[in-house]
Amino acid sequence: MNTPADPAPIRLLEAGPEQSAEIDTLVAGFHRHEGVSVTAQARRASIDALLTMPAQGRILLMQRHDGDIIGYAVIAFGFSLEFGGRDAFVDELFVVEAFRGQGFGSAALKAVCTWARREGLCALHLEVERDNKAAKALYRRTGFEDRSHYNLMSLHIADVRETGPERR
């Protein structure tokens, strides 16, 4: 059995359009887990849009040594003057429930950080629920720092939860 000191081996695969259905199943599981309200049509449209616009970001599939896909991460690219260049937001990070508590989340997050360095990113950002102590501990162990003097704020410019994103 794997322990936190012996993280479960995983590798990241950059997803392509041919994996859209598998990704949709994973994202639906994450949205159920987090209570995210998005129609199936909008979810699929968002996945397909990201898969066909790699300049916007990537969907990284988490693959175990036996080939099973056990989760995913969504990385959305940006640019930060403060951090000195191209950065990214970890929009979603999800491990299927049956594989939680076995070191896969930690291994995946470390692999995402390694991937980000290879991509030439200067910084990774993420959001976490204030009361999610386990996730906060995982992120801190990986090197993420709380920026408590900042507050993430959002403004919905267009509500895509019903129909999905428009291609621009």
- Tell me, what % of the accessible area of the chain is carbon and sulfur with a 1.4 angstrom probe? 51
- Within a Gaussian network of the chain (alpha carbon springs, distance under 10 Å), most fluctuating of PHE144, PHE83, PHE30: PHE83
- Could you give the length gained on full extension between MET53 and ASN132, defined as 0.36 nm per residue of separation minus the Cα-Cα distance, in nm? 25.3 nm
- Message: I'd like the GluC sites (Glu not before Pro) in the range 1-85 restricted to DSSP loop residues with at most 11 other Cβ atoms within 10 Å, sorted by number.
- Response: GLU82
- Message: Mean Kyte-Doolittle hydropathy of 0.0 or higher plus an axial Cα length of 20 Å or more: which whole DSSP H helices in the chain meet both?
- Response: 104-118
- Item | Highest-fluctuation residue, ALA73, ALA137, ALA21 considered, GNM on the chain with Cα pairs under 10 Å | ALA137
- What length, rounded to one decimal in nm, is gained on full extension from ALA40 through to ASP24, with 0.36 nm per residue of separation minus their alpha-carbon distance? 4.9 nm
- Under a plain spin-label model, where a point goes 7 Å from the Cα along Cα-to-Cβ, how far apart in nm are CYS113 and LEU152? 1.8
- Item | Accessible surface, the chain, averaged per residue in Å² (probe 1.4 Å) | 63
- Only Lys, Arg (+1) and Asp, Glu (-1) charged, at Cβ; the chain dipole about Cα centre in debye: 360
- Given the candidates HIS33, GLN56, ALA134, the one whose Cα lies deepest towards the positive end of the charge dipole of the chain, counting +1 at each Lys or Arg C-beta and -1 at each Asp or Glu C-beta, is ALA134
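The values are calculated or read from the model by the stated rules, or taken from the named source; none is laboratory data. All figures in this text were calculated on a predicted structure; none of them were measured in a lab. Positions of Cβ are backbone-derived with ideal geometry, glycine not excepted, and every protein chain shown enters the neighbour counts. All accessible areas refer to the heavy atoms of the entire protein, side chains included, with ligands and DNA or RNA removed. Shrake-Rupley method; radii C 1.70, N 1.55, O 1.52, S 1.80 Å.
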